[in-house]
Amino acid sequence: MKDYQSVADVVAGAIQSGSLRPGDRLPPQREFARRHGIANSTATRVYQELARRGLTVGEVGRGTFVRATHAGSGVSAPALTEPAVGRIDLELNYPTTPEQSTLLSAGLRGLLSPDALGHALRPVGASGVPAAQESAAGILVRGDWHPDPARILFAGNGRQAISAVITALVPPGGRLGVEELTYPFVKAVAARLGITLVPLPMDDHGLVPEAVAEAHAMSPLHAVYVQPRLHNPLSLTMPQQRVEQLTEVLLRLDLFAIEDAIWAFLRDELPPLAAYAPERTVLIDSLSKRLAPGLTLGFAVAPATVTSAITAALRSGGWTPMRFALEAAHRWQQDGTVRKLVAAKQREAAARQEIAARQLAGFTVRSHPCSYHCWWQLPRQWRADTFVAAAARHGIGVVPAAAFTVGDSHAPNAVRVGLATPRPDILSQALGTLAELGRSAPEDLVTD
């Protein structure tokens, strides 16, 4: 009787030898089983094993195909203009770890009894319940900063929290200062609300505080949206002196900061801007990056002076949380699951940065060992839009700098590369392919 591993080894050998080439379609599983004299269930396991090794990719309704690989693997890669079969997502960033489902499921067992589940499915407002606020305060601790539980509001997810806070602090037609490279979602919110985004210069330490004051003097700002820790897309973290300088400007101008701390859990030794200017900062965070992509719960730590306005925005936008998410988060914080997953994702980020450093060695790349993304200043022969298109022809998605650029500002010739979503072996393969592209030139495109 043939073992599924040995059959998978035969197919892998054919791929390595070039008998099966990138883009070749494997036969349907029933036909594959007949050819190899194995049971249908064994064929299913063979196909799963090939996918696990990163050798194949399945497409619903089309079948299973040999995946494109990079040079040095023993398999010829497709030309730049040859459409790749599978898609490797280096655009969206969804950190996961192998142990997260096991850890999360244990914490949910207590919610499955009829009484507990019935309670967890009742509606709840933006303030949640005191127990949920206490647990959220524990989740959000950073450095020596411990948020006041009574100041914590909840949203369905982090994006909803951002939308609600901007709605509450900036009126239609108002001006919101943002870093000159900013989170693209904020651009969409501003367009929907009729808000003018004012790009503010940055340097190697992040947002320049004097630029905030200058922009405010020209025409008053209503608030400033800022990412002080592990900025997306640049991975910059403000040093303490810069945070203190920004705090002084906020206090002097009586200006609110909207602090996006979504990625800051990866630098949990550093206190947030909210620790320095608690009465002028609304901190926004969420669960999805810490725990799992599908677990959406947003947090807003707000000064008392704007709590009512943010609560009203959450309610009117339909952005209040689900009680089930609050109950689950409470249990995961109490049993230590949050702490374990944060530590695991910090380790995973470091491991993925090592892969990126190895594959993109020799290029101009800005990042941080704790970050899940990197900023690649492309070689001179490439334009960002052309490079993104060439990468897409290889089935790899990256984000051009223009997505982060505000208004008519000049977009750097760069791309953001997300490191979180693919498996490590697939990530390494994709970065190797991108490195090959970077070392080539657009005129090297092959069409035959």
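So the values come out like this:
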| read-out | value |
| --- | --- |
| Simple spin-label estimate for residue 443 and residue 87 in nanometres, 7 Å along Cα-Cβ | 3.2 |
| Global geometry of the chain, whether rounded, prolate or oblate, following the gyration tensor of its Cα atoms and the 1.5 cut on a/c | oblate |
| Positive-end extreme of charge dipole, the chain - chosen from 39, 357, 123 (charges on Cβ) | 39 |
| Taking the chain and dividing mean pair separation by its residue count, relative contact order in percent (alpha carbons under 8 Å, at least six apart) | 21 |
| Long-range HN-HN contacts of residue 24 with modeled amide H, under 5 Å | 66 |
| Separation between Cα centres of region 322-372 and region 386-409, rounded to whole Å | 24 |
| Percentage relative contact order, region 119-197, counting C-alpha pairs under 8 Å, at least six apart | 23 |
| Crossing angle, helix 240-253 versus the chain [Cα axis fit, 0-90 degrees, rounded to tens] | 40 |
| Among 269, 279, 327: highest mean-square fluctuation, GNM of the chain, C-alpha pairs under 10 Å | 269 |
| Under 5 Å, built H, 5+ apart or other chain: amide partners of residue 299 | 155, 285, 286 |
| Amide N proximity, region 143-183 versus residue 304 label position 7 Å along Cα-to-Cβ, cut-off under 14 Å | 148-152 |
| Debye, to nearest 20: dipole size of region 338-448, +1 on Lys, Arg Cβ, -1 on Asp, Glu Cβ | 660 |
| For residue 88, residues with placed amide H under 5 Å, excluding near neighbours | 396, 397 |
| Summed residue charge, Cβ within 10 Å of residue 251's Cβ, Lys/Arg positive, Asp/Glu negative | -1 |
| Residue 340-residue 366 pseudo-label distance in nm [points 7 Å out on the Cα-to-Cβ vector] | 3.8 |
| DSSP-loop chymotrypsin sites (Phe, Trp or Tyr not before Pro) across region 228-319, with at most 16 other Cβ within 10 angstrom | none |
| Charge dipole (the chain, unit charges on Cβ, about Cα centre) - positive-most of 170, 100, 384 | 100 |
| Tilt relative to the chain, helix 304-316 - C-alpha long axis, 0 to 90 degrees, to 10 | 50 |
| Chain lengthening between residue 150 and residue 122 when straightened (0.36 nm per residue, less Cα-Cα) | 8.0 nm |
| Solvent exposure of the chain as accessible area per residue, Å², 1.4 Å probe | 43 |
| Charge dipole magnitude, Cβ of K and R +1, D and E -1 - the chain, Cα centre, debye nearest 20 | 1340 |
| Nearest-ten-degree value, helix 158-169 long axis tilted from longest Cα axis of the chain | 30 |
| Neighbour net charge for residue 110 - beta-carbon separation under 11 angstrom, K R +1, D E -1 | -1 |
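The values are calculated or read from the model by the stated rules, or taken from the named source; none is laboratory data. In this text the structure is predicted, and so the values were computed from the model without any measurement. Virtual Cβ from ideal backbone geometry, glycine too; neighbours counted across all protein chains shown. Remember, those area values only see protein heavy atoms, side chains included, never the ligands or the DNA or RNA. Shrake-Rupley method; radii C 1.70, N 1.55, O 1.52, S 1.80 Å.
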